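Only the coordinates and a few stated rules stand behind these numbers; no lab work does. Because the structure is predicted, anything quoted here is derived from the model rather than measured. Glycine gets a Cβ as well: all are built from the backbone with ideal geometry, and neighbour counts include every protein chain shown.
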Amino acid sequence: MAFEPTKQKYTGAVRQVTLGVGDKAVTVGGRSCFPFYTFEGEMPNPPRVAMEVWDKNPGDEWPETAKEPFKDVLDDPVAWAKKCVEKYGAEIIALQTRSADPNADNKPAAEVAAVVKKVVDAVDVPVIVWGVANHEKDIEVMRLVAEQCSGKNLALAPVEEGDHKQIGAACMGYNHVVVASTPIDVNLAKQLNVLLGNLGVKDDKILIDPTTGALGYGLEYTYSVMERITQAALAQGDDKLANPIVNNLSIEVWKTKEANQTTEEAPELGDAKTRAVLMEAVTAVSYLLAGSDIVILRHPDTVKLVKDYIEKMMA
Amino acid sequence: MGMTGIEIFKLLPKTNCGECGAPTCLAFAMNLASGKAELDQCPYVSEETKKILAEQSAPPIRTVNIGTGDYAIEVGGELVQFRHEKTFNNPTGIGCLITSDEDDASIQGKIERFKALQFERVGVMMRPELFALLDKSNDPANFKAFVEKIMGMTDASLILMSPNPQVMEAALEVAKDRKPLIYAVTMKNGPKMAPLAKKYGCPVVARGDGQLDTVIKITQNLLKMEIKDVVIDTGARDLKTQFTHNVMIRRAALVDRFRPLGFPTIVFANEMASSLEEETLVAATFIAKYGGIVILSDLQPHSVYPLLLQRLNIFTDPQRPMTTEPGIYPINNPDENSPVLVTCNFSLTYFIVSGEIEACRQPAWLLVKDTEGLSVMTAWAAGKFSGEDVGMFVKKCGIGDKIKHKSIVIPGYAAAISGELEEELGGWNVVVGPREASQIPKFLKVFKPE
Ligand code: B12
Ligand code: SF4
């Protein structure tokens, strides 16, 4: 007789959340087993790949290897986003509103929101708008974005305890998705989801951002907290944690020293571009295995590798 | 121990003679089950009982030793499915394939890259450990010469690969003292191949045909022969099947205590991908998901380095961060005019920051404040890197006696504490340094303490 190991008992499933509208809308979640454990549960929607676009030229903040594929569009977020979708197969755009950062350019909220709207109108895939984690500024920007992009079913991030009321209300008012962000802690993640629920945000309008560490710089903390969230949701029936997870990982990985060193600066680490791409891809794979539903990536080569990977794991 | 007191009781003499120190056999069984007694306290247990109990108390996944010397590794020995429950013990061994018909330049390149791939991080040496030597000649003398040649070039741990027991034996004669992993016992060659593991005292791979059931049959045969140092290759050669197998094997061993699957696994990433990049992702999958050993087709630093980082991350203690002893660290022979920088005692942070200062050859004092192993921002958010805390530490640590200036550099991410720190230190000049440690060399080049 064929050997059958014990099956894990699942009492719940991750709820489905839809981003965007129309043909290219994306639904994530719905999983009733640990990530890719399809021999004992369902995984109706594959994890998705979002590509990162900045609302300003990243200049020195990105190494040449990351800028190269986008060198013709770095000053034009609309063209940049379109290139990601049309040329590199982005399934979602993650627009980082870096120009709003009060510690840097501090561009007025109205101008930031206007650019966001242009990008959103220019692409047919869903858009995640990722702020600068400064409550006052994010509230200002996201309120405008929510209103001006009404009906587009965006995801707005990061929504933290300190600004969940304002951004949460804006999302509810204009029917967008909330990305609930907490610093690597199961209890805080749950608590924020409860607070959002109390506010009236519907359960299927919430994504979890567990806070993402880069490979070699805290990955293990995020990895384990994601496994714990997944376990709580699926095996312990904790309904308040049963939401899809998004990892804003490219911005963390490409900040590390190793992703920025050139081949000449660090010959012992091999080819600079392949090294950074594989650091990004290994980070993504680790998080997909821990339960990520959306990984935000930067380099087109990483996107291709990770999309192929997901396809093979969904087989 | 995996058995309950009642189960153990059934195996005892049931005479209640009391010589074990417990009043009854049942009481003794209960003590055994809870680890409060040792089996040899009862003089009357049968050999059969001893054997059953020894098996039951064996760890659910066998720890297998491969190689000798610097590159020796232990694989298996894992106790949990998820790393937050308990540390994953034995990091996945990383190895590279060399075939016996490979040209010298290619072999030379792999060996050189293997030797160069050594990275110290948080005080841990990160490097690949193995070469898998695959015979293509089916000729004992030929394979033996090939293995000898590689042994002359590297101390790496070895995996010897041939389905032919005669070829294998020839290689084992020269390599046995290195404790190589024999690859592999199959359904076909078992009767001839398996005895070699015993004869030469080496661990062995049980290689299936892609079905778990086949590999189970093979390991059951090996167990019957009392061959216990076994590594499993289910024979799966696509990513998803191998993933499923690895999960099932881990669970069967831990949850079902199913001995025939209580062994570490080996994964041939080189056979599951069409580029080195894809291979890297296959390897990453099995570093996270229960691979004992992963084999790559080549060792390129841009592929191996990310894997080494991932392995380091996955196999760390999930409960306690690695910490550095708080105190004053002189770097590059600082004197009374050298700058003073302060950081936290999270090992990762300490090694990154001290590494940057060392590399730029600027003398400096690095103060490491106790933050219970939390990084700068985490510590600040948790109230363990406040201006007051840092100020008290700076005053108490004794740096004042070593320098003539009164300047202290704080991490850029801790800029928020500068006012409070200035107040606490009274008369000191608090300088906000760069955010990223990689910017410290540039900063130190121009910075003059006053
Ligand atoms: C991993 C992590 C954790 C881990 C802890 C890891 C550890 N050992 O510290 C865990 C999960 C436990 C954790 C917990 C918390 N965390 Co946390 N965590 C992180 C995370 C993802 C990475 C931190 C890290 O390891 N960085 C790597 C190290 C090497 O960085 P570093 O120490 O800062 O060092 C760098 C620089 O500062 C510089 N540097 C260092 N020293 C010096 C010195 C000088 C002189 C100079 C010039 C430079 C310099 O060099 C280094 C390399 O560039 C960050 C988010 C992120 N992506 O960064 C959040 C983060 C730091 N955490 C945060 C928070 C709020 C918390 C909690 C308070 C949450 C809570 N309420 O429970 C707790 C507090 C812990 C506690 N016990 O109470 C916030 C802090 C926000 C803020 N600025 O106020 C962050 C930024 C996340 C966020 N965006 O909300 N966290
Ligand atoms: S010594 Fe052995 S036989 Fe005697 S009571 Fe103890 S367990 Fe029973």
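Given a 10 angstrom Cα cut-off, can you work out which residue in B:Glu48, B:Glu226, B:Glu372 is the most mobile in a GNM of chain B? With Cα springs under 10 Å in chain B, the top fluctuation among B:Glu48, B:Glu226, B:Glu372 is at B:Glu48.
Running a GNM on chain B with Cα contacts under 10 Å, which residue among B:Met225, B:Met193, B:Met272 ends up with the highest mean-square fluctuation? Among B:Met225, B:Met193, B:Met272, the largest GNM mean-square fluctuation belongs to B:Met225.
Does chain A come out rounded, prolate or oblate, given a ≥ b ≥ c as the square roots of the eigenvalues of its C-alpha gyration tensor, rounded meaning a/c under 1.5 and, failing that, prolate meaning a/b above b/c? Verdict is oblate for chain A. Across the range A:51-60, computed HN-Hα scalar couplings (Karplus, 6.51 cos²θ - 1.76 cosθ + 1.60, θ = phi - 60°) run 10, 7, 10, 9, 8, 8, 5, x, x, 5 Hz from first to last residue, x flagging Gly and Pro.
Divide the volume of the convex hull around the Cα atoms of the protein assembly as shown by the residue count and you get 192 Å³ per residue.
For the range B:296-404, the share of DSSP beta bridges that are antiparallel, to the nearest 5, is 55%.
Karplus-derived 3J(HN,Hα) values for the range B:115-124, using 6.51 cos²θ - 1.76 cosθ + 1.60 with θ = phi - 60°, are 5, 6, 7, 9, 10, 9, 9, 6, x, 10 Hz; glycine and proline are entered as x. Taking amide H as placed 1.01 Å from N in the peptide plane, B:Asp209 has its amide H under 5 Å from the amide H of B:Thr214, B:Val215, each at least 5 places away in sequence or on another chain. Could you pull out every residue, at least 5 positions away or on a different chain, whose amide H is within less than 5 Å of the one on B:Ala132? Hs are placed 1.01 Å off N in the peptide plane, and Pro or chain starts have none. The list, which skips near neighbours in sequence, is B:Cys96, B:Leu97, B:Ile98, B:Ile159.
Couplings 3J(HN,Hα) for the range B:253-267, derived from phi with the Karplus relation 6.51 cos²θ - 1.76 cosθ + 1.60 (θ = phi - 60°), are 5, 7, 8, 8, 6, 8, 3, x, 10, x, 9, x, 10, 10, 10 Hz, where x marks Gly and Pro. By the Stokes-Einstein formula, at 1.567 mPa s and 4 °C, the range B:63-314 with its Kirkwood radius over alpha-carbon pairs has D equal to 72 µm²/s. Of the residues B:Asn345, B:Asn337, B:Asn16, the one that moves most in a GNM of chain B with alpha-carbon contacts below 10 Å is B:Asn16. Shielding value for A:7-13 is 1, the average number of Cβ atoms from other chains within 10 Å of each residue's Cβ. For A:Ala214, the residues whose modelled amide H falls within less than 5 Å of its own, excluding neighbours fewer than 5 places apart on the same chain, are A:Leu219. The Rg/Rh ratio of the range B:327-446, with Rg taken over Cα atoms and Rh as the Kirkwood radius over Cα pairs, comes to 0.92. Sorted on the mean count of surrounding Cβ atoms within 10 Å across their residues, most packed first, peptides B:397-408, A:232-243 read A:232-243, B:397-408.
In terms of the Cα gyration tensor, with a ≥ b ≥ c the square roots of its eigenvalues, is the range A:1-91 rounded because a/c is under 1.5, prolate because a/b exceeds b/c, or oblate? Before the final figure, lay out the partial values.
Details: a/c = 3.57, a/b = 2.41, b/c = 1.48.
In terms of gyration-tensor shape, prolate.
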